[in-house]
Amino acid sequence: VIFVLPAPIRLTHLGVSSTPKPLLEAAQAFGATRQQTLWKVELPYAFPQIMAGLNQTIMLSLSMVVIAALVGADGLGVPVVRALNQVNTSLGFESGFIIVVVAIVLDRMLRVEQR
């Protein structure tokens, strides 16, 4: 969990802090409170960066499944570790391929169209 936390935090901060000044000034001109400005202006503007952070979190988590299996955790990485221990190239390829397919499917599901 600690391994993947910096990506979404950094990208969310980047998205919120890169909101153009004219948008913030327009919100102030219309009398928006700080909370309204955050929820109605900054977060919608930062949404693509927030989704990129979520995407990176998922990809970083998937990159850790094999390492987690090396220390005894169950999951997608176990067949890869088993293949490494048995020097079974075909099982290793199949297991690695499944992890890549899961990563690609999750990436496509979370893809956000740019404005």
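For the reader, a short list of remarks on this structure follows.
- Evaluation of L38 against the conditions (1) in contact with a helix residue (DSSP H, G or I) (Cβ under 6 Å, 6 or more places away or on another chain); (2) touching a residue at least 12 places away in the same chain (Cβ under 8 Å) shows that the sole unmet condition is (1).
- Identity of the residue in segment 24-40, among the small types (G, A, S) and part of a loop (DSSP other than H, G, I, E, B), that ends up farthest from V4 (Cα to Cα): G31
- Matching residues in segment 59-115 - criterion: being in contact (Cβ under 8 Å) with a residue 24 or more places away in the chain, under 30 Å from Y45 (Cβ atoms) and outside any loop (DSSP other than H, G, I, E, B): M59, L60, S61, L62, A103, L106, D107
- Pairs with Cβ under 6 Å, 6+ apart, first in segment 7-29 and outside the structural domain of V41 (by TED's automatic domain parsing), second exposed (fewer than 13 other Cβ atoms within 10 Å of the Cβ): none
- Test: residue in segment 41-56 that is surrounded by 13 or more Cβ atoms within 10 Å (Cβ to Cβ), touching a Pro at 6+ places or on another chain (Cβ under 9 Å) and in a loop (DSSP other than H, G, I, E, B): no
- Matching entry among L14, L43, L24 (being in contact with an Asp or Glu (Cβ under 8 Å, 6 or more places away or on another chain), at pLDDT 95 or above and not acidic (D, E)): L24
- Residue in segment 99-113 that is surrounded by fewer than 16 Cβ atoms within 10 Å (Cβ to Cβ), more than 30 Å from G15 (Cβ to Cβ), under 23 Å from the mean Cα position of the chain (by Cα) and at pLDDT 90 or above present: no
The values are calculated or read from the model by the stated rules, or taken from the named source; none is laboratory data. Small disclaimer: the values here were computed from a predicted structure and weren't measured. No Cβ is skipped: glycine too gets one built from the backbone with ideal geometry, and neighbour counts run over all protein chains shown.
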